[in-house]
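Heads up, the thing below is written out as structure tokens.
The values are calculated or read from the model by the stated rules, or taken from the named source; none is laboratory data. Note that the structure is predicted; figures quoted are calculated from it, not measured. Cβ atoms come from the backbone with ideal geometry, glycine included; neighbour counts cover every protein chain shown. All accessible areas refer to the heavy atoms of the entire protein, side chains included, with ligands and DNA or RNA removed. Shrake-Rupley method; radii C 1.70, N 1.55, O 1.52, S 1.80 Å.
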Amino acid sequence: MIRPLGEKILVKPAEAKEVKRGGIIIPDTAKEKPQEGEVIAVGKGKTTEDGKVIALDVKAGDKVLFGKYSGTEVKIDDKDYLIMSQDDILGIIE
């Protein structure tokens, strides 16, 4: 597994849901990217100019909501993940 550095967060996006409109199944290429996922791993936090580390607000296991085009897509063991900054996360789903 990957351990993110600094303020980076590793997120497993939720599966894209199959959409049916009027009995027509929308193909995979037309499905919208999910905007929620589960935090798999987090970095140690953001380092300030004076060397202090500010812990992140999210932790592994949190369900989060993120921007539509947030993060960088990576593939690990044939599974898709996103690596993003905490700033890309809009909120924690409770």
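If you scan segment 70-91, which residues turn out to be assigned to a strand (DSSP E or B), in contact with a Leu (Cβ under 8 Å, 6 or more places away or on another chain) and either open to solvent by 30 Å² or more (accessible area, probe 1.4 Å) or without any contact (Cβ under 8 Å) to a residue 40 or more places away in the chain (or both)? Talk me through it step by step, then tell me what you get.
Initially, segment 70-91 is screened for residues assigned to a strand (DSSP E or B), giving 72-76, 79-85, 89-91.
Narrowing the set further to residues that are in contact with a Leu (Cβ under 8 Å, 6 or more places away or on another chain) leaves 72-74, 81-83, 89-91.
Answer for segment 70-91, where residues must be assigned to a strand (DSSP E or B), in contact with a Leu (Cβ under 8 Å, 6 or more places away or on another chain) and either open to solvent by 30 Å² or more (accessible area, probe 1.4 Å) or without any contact (Cβ under 8 Å) to a residue 40 or more places away in the chain (or both): Thr72, Glu73, Val74, Ile83, Leu90, Gly91.
Every condition in (1) hydrophobic (A, V, I, L, M, F, W, C); (2) open to solvent by 40 Å² or more (accessible area, probe 1.4 Å); (3) modelled with pLDDT of 95 or more is met by Ile54 except one, and the failing one is (3).
Select, from Gly22, Gly67, the only residue that is open to solvent by 70 Å² or more (accessible area, probe 1.4 Å) and at pLDDT below 90. Steps first, please.
Values: Gly67 fails: open to solvent by 70 Å² or more (accessible area, probe 1.4 Å).
None of the other options fit; the residue is Gly22.
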